[in-house]
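For reference, the structure is listed below as structure tokens.
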Amino acid sequence: MKTKKNLLILAVFTLVMMTISVNISESKEIQKSKTITIELNSIQCDMCVEKVTEVINSVVGVEKAEVDLEKKIATVTYNTDMTNKKAIEKAITSAGYNANKKTADKEAYNNLSSCCKKP
């Protein structure tokens, strides 16, 4: 009788530990997504919004990008295993726009439409 009780306790303990292990694993998966805000002080028009959105979404690992012209920010959700903030900022500056404190690539900026350049 005592052996059956011990086996039952062991089975319950094992089940609890497996459940905890699965939950920890799932929470690590959730943590792979991160949302950041990037200042875009050089965007001027809807064409800028379209281009910056396209550039951000072209970065492998970006899950979602929203650019707000009025606030001059981008809200970006990305997979931390695949990319990072620096890579996203680099993509934006390479397209000719400032990203946070990083200055736009001069040649790319010069190739922007006149409505996209700061007055």
* Using the structure shown, decide if Tyr97 is open to solvent by less than 20 Å² (accessible area, probe 1.4 Å) and assigned to a strand (DSSP E or B). => no
* Listed residues Lys51, Lys71; which is at pLDDT 65 or above and part of a loop (DSSP other than H, G, I, E, B)? -> Lys71
* What do you reckon, is Ser42 over 22 Å from Lys118 (Cβ atoms) and of a type in the set (Gly, Ala, Ser)? -> no
* Structure fact -> Over the range 74-94, the set of residues in contact (Cβ under 8 Å) with a residue 40 or more places away in the chain and open to solvent by 70 Å² or more (accessible area, probe 1.4 Å) is Asp81, Lys85
* To do: Find all pairs meeting these conditions: Cβ atoms under 8 angstrom apart; at least six residues apart or on different chains; first residue within the range 41-68 and basic (Lys, Arg); second residue open to solvent by less than 20 Å² (accessible area, probe 1.4 Å) and in a strand (DSSP E or B).
  => Lys64/Val76
* **Residue that is open to solvent by 20 Å² or more (accessible area, probe 1.4 Å) and in contact with a helix residue (DSSP H, G or I) (Cβ under 6 Å, 6 or more places away or on another chain), where the choices are Val60, Val67** => Val67
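The values are calculated or read from the model by the stated rules, or taken from the named source; none is laboratory data. Computed from a prediction, not measured in an experiment: that's the story for all the values here. Don't worry about glycine lacking a Cβ; one is built from the backbone with ideal geometry, like all the others, and counts go over all protein chains shown. Only protein heavy atoms, including side chains, enter the accessible area calculation; ligands, DNA and RNA are left aside. Shrake-Rupley method; radii C 1.70, N 1.55, O 1.52, S 1.80 Å.
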